[in-house]
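The structure appears right after this line, and notes come after that.
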Amino acid sequence: MYQAPRGTDDVLPEEFPYWQYIQETAASFARRYGHQPIRTPMFEQAGVFIRAVGEGTDIVEKEMFYLRTEEDLVLRPEGTAAVCRAYLEHGMFNLPQPVRLFYFAEAFRYERPQAGRLRQHTQFGVEAIGEEDPALDAELIDMLWRLYASLGLQNLTLLLNSIGDRACRPRYLEVLKAYYADKLEDVCRDCRTRYERNPLRLLDCKQESCQPVIAAAPVITDYLCEPCRRHFDRLQEYLTAIEIPYTPAPRLVRGLDYYTRTVFEVVPEGAGSQGTIGAGGRYDGLMEELGGRPTPGIGFATGIERIILNLKQQGLQPPEVPGVQAYVAHLGDAARLPAVRLTRELRAAGIRTVMGLGGRSLRAQLRHANAVAARYVLIIGDEEAASDTVQFRDMAEGAQQRLPRGEAILTLSHALGTEVR
RNA sequence: GCGGCCAUGGUGUAAUGGUCAGCACGGCAGAUUGUGGCUCUGUCGGCGAGGGUUCGAAUCCCUCUGGUCGCCCCA
């Protein structure tokens, strides 16, 4: 038997209420903040991500799905870089800035699957490009935070940090490396590698043995240049003003190289390693990396599957999605065509309808109607077919009456509270 | 990419080397002429795949596949 590929999930009908609920809520939030939808291809030239996400990152180095082509195409491993490519390609810098966008996009990463970590997952992403005002940072953080609240998620923590920019980060990294220089024997092997390749990630090490070293390490926020300092201070001012309870996280860094200044992450209480449900940050250097003019930007992404995981853990149910409203049961050869026509008419009237199939007994059809939770059943037999009437049955009440066909449709529409079109 | 645990019908499970792999839920059908939910009866359907050990394997061993937990990384 075939199985879905490793690390992928089928989303079955019973799961769809979650998806619909989250997507509708998220889209409505994005629009409320002035954002418009965008959709980019599932695959891109590999360079888009190599340039944007960074050559030394895990995503680029070992997690991209390369397609079998000569063009070096890869399945999109994240959303931001692709949207920035589209921004440049379509000259969106000619639009009123900032350009505010949102999207739902599948992302693909070749990783070892775990609960909350899939090879294909879906992100709700939001980007605001072309403005560096920290008030914009605050807006996006606000959107993400309120979205979770609106979905009913509890006990979340918003971690916030600034990782500086090209002006001040190199200086900090030197300080950090100087600090680590005489401690390399005390830290784990990975950290020794990080020391050479990506010192910022030293702070992110989870090894027990490295914690004391990290705890005493110099903190980047003490080394921010004046503009970054100011940006970060303002952002915190704004967040406080709009009552977003953030937690300063001076050691928070992110695994994508394009981030500058603001970075943030939302984690549930008691989060494991797959805990982060949403994260983002500013990427003021990214457009240049992709060959465009210097253009600031900020965005976030949140994983739909992880949101669902947390909704379930917290016992939160999505609103029910409507099911079948009417069922057309029929028996006898004379009722065959009238039943098909009636079904057609009901659907034309906007009523969600299914018809009994397979020439089954009336008993079987009613049982079926009950199983698919149809509230009303319209029954046509020989007599009804001959007189152009139907038996109109309310399954919940158990009441039934014979009505002329047209009247039955009106009665049904009325009962369902819908208008016949 | 590293380490641990796990794998029986669609779902949840029982059977720890030896009767046709049992049960529940579920699907379908039936319980007199054209009426659902409850009940009863019948029926459908399984040892993840491939090797090996053994007289004999769901059960022991190996490989693969998949899941899961921790690490790494990330949404």
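The values are calculated or read from the model by the stated rules, or taken from the named source; none is laboratory data. Note that the structure is predicted; figures quoted are calculated from it, not measured. So basically every Cβ, Gly included, is an ideal-geometry build from the backbone, and we count neighbours across all protein chains shown.
Checking the stated criteria, residue A:351 turns out to be more than 10 Å from RNA strand B (Cβ to nearest atom), among the aliphatic types (A, V, I, L, M), modelled with pLDDT of 90 or more and assigned to a loop (DSSP other than H, G, I, E, B). Which ones in the stretch A:320-333 are surrounded by 15 or more Cβ atoms within 10 Å (Cβ to Cβ) and under 15 Å from residue A:374 (Cβ atoms)? Once the filter is applied, which keeps residues that are surrounded by 15 or more Cβ atoms within 10 Å (Cβ to Cβ) and under 15 Å from residue A:374 (Cβ atoms), the stretch A:320-333 yields A:324, A:325, A:326, A:327, A:328, A:329, A:330.
Residue check: residue A:418 meets all listed conditions (1) at pLDDT 90 or above; (2) within 24 Å of residue A:13 (Cβ to Cβ) but one, namely (1).
I need a count of the residues in the stretch A:72-112 that are part of a loop (DSSP other than H, G, I, E, B) and over 16 Å from the mean Cα position of the chain (by Cα).
Summing the residues that are part of a loop (DSSP other than H, G, I, E, B) and over 16 Å from the mean Cα position of the chain (by Cα) in the stretch A:72-112 gives 10.
Considering the stretch A:152-180, and only residues there that are closer than 20 Å to residue A:132 by Cβ and aliphatic (A, V, I, L, M), the residue that is nearest to the chain's Cα centre (by Cα) turns out to be A:160. The condition (being at pLDDT 95 or above, hydroxyl-bearing (Ser, Thr, Tyr) and more than 14 Å from RNA strand B (Cβ to nearest atom)) is satisfied by just one residue among A:40, A:69: A:40.
Against the numbered list (1) basic (Lys, Arg); (2) closer than 30 Å to residue A:138 by Cα; (3) more than 20 Å from the chain's Cα centre (by Cα), residue A:336 comes up short only at (2). The condition (being within 10 Å of RNA strand B (Cβ to nearest atom), surrounded by fewer than 17 Cβ atoms within 10 Å (Cβ to Cβ) and in a helix (DSSP H, G or I)) is satisfied by just one residue among A:336, A:367: A:367.
Which residues, taken from the stretch A:98-142, are of a type in the set (A, V, I, L, M), crowded, with 17+ Cβ neighbours inside 10 Å and more than 9 Å from RNA strand B (Cβ to nearest atom)?
Taking the stretch A:98-142 and keeping what is of a type in the set (A, V, I, L, M), we get A:99, A:101, A:105, A:107, A:115, A:118, A:126, A:128-129, A:135-136, A:138, A:140-141.
When the remaining residues are screened for being crowded, with 17+ Cβ neighbours inside 10 Å, the result is A:99, A:101, A:105, A:107, A:118, A:126, A:128-129, A:136, A:138, A:140-141.
Those that are of a type in the set (A, V, I, L, M), crowded, with 17+ Cβ neighbours inside 10 Å and more than 9 Å from RNA strand B (Cβ to nearest atom): A:99, A:101, A:105, A:126, A:128, A:129, A:136, A:138, A:140, A:141.
Taken together, the residues in the stretch A:374-421 that are touching a strand residue (DSSP E or B) at 6+ places or on another chain (Cβ under 9 Å), within 18 Å of residue A:354 (Cβ to Cβ) and among the hydroxyl-bearing types (Ser, Thr, Tyr) amount to 1.
Just so you know, in the stretch A:315-333 the residues that are in contact with a Gly (Cβ under 7 Å, 6 or more places away or on another chain) and in a loop (DSSP other than H, G, I, E, B) include one that is nearest to residue A:353 (Cα to Cα), and it is A:331. Checked against (1) in contact with a Gly (Cβ under 9 Å, 6 or more places away or on another chain); (2) surrounded by fewer than 13 Cβ atoms within 10 Å (Cβ to Cβ); (3) in a helix (DSSP H, G or I), residue A:166 passes all but condition (3). Do any helices (runs of 4 or more DSSP H) entirely within the stretch A:4-71 hold 1 or more residues that are farther than 26 Å from residue A:291 by Cβ, without any contact (Cβ under 8 Å) to a residue 12 or more places away in the chain and under 21 Å from the mean Cα position of the chain (by Cα), and if so, which? The qualifying helices (runs of 4 or more DSSP H) are A:16-32. Look at the stretch A:113-150 and say how many of its residues are part of a loop (DSSP other than H, G, I, E, B) and touching a residue at least 40 places away in the same chain (Cβ under 8 Å). Total meeting the criteria: 8. Within the set A:399, A:408, A:386, the sole residue that is near RNA strand B (Cβ under 10 Å from one of its atoms) and touching a residue at least 24 places away in the same chain (Cβ under 8 Å) turns out to be A:386.
Within the stretch A:153-168, the residues that satisfy the criterion of being in contact with a strand residue (DSSP E or B) (Cβ under 8 Å, 6 or more places away or on another chain) and either of a type in the set (Ser, Thr, Tyr) or under 21 Å from residue A:298 (Cα atoms) (or both) are A:157, A:158, A:159, A:160, A:161, A:162, A:163, A:164, A:165, A:166.
I need a count of the residues in the stretch A:282-307 that are within 16 Å of RNA strand B (Cβ to nearest atom) and either free of Cβ contacts under 8 Å to residues at least 24 places away in the same chain or over 28 Å from residue A:86 (Cβ atoms) (or both). Count: 0.
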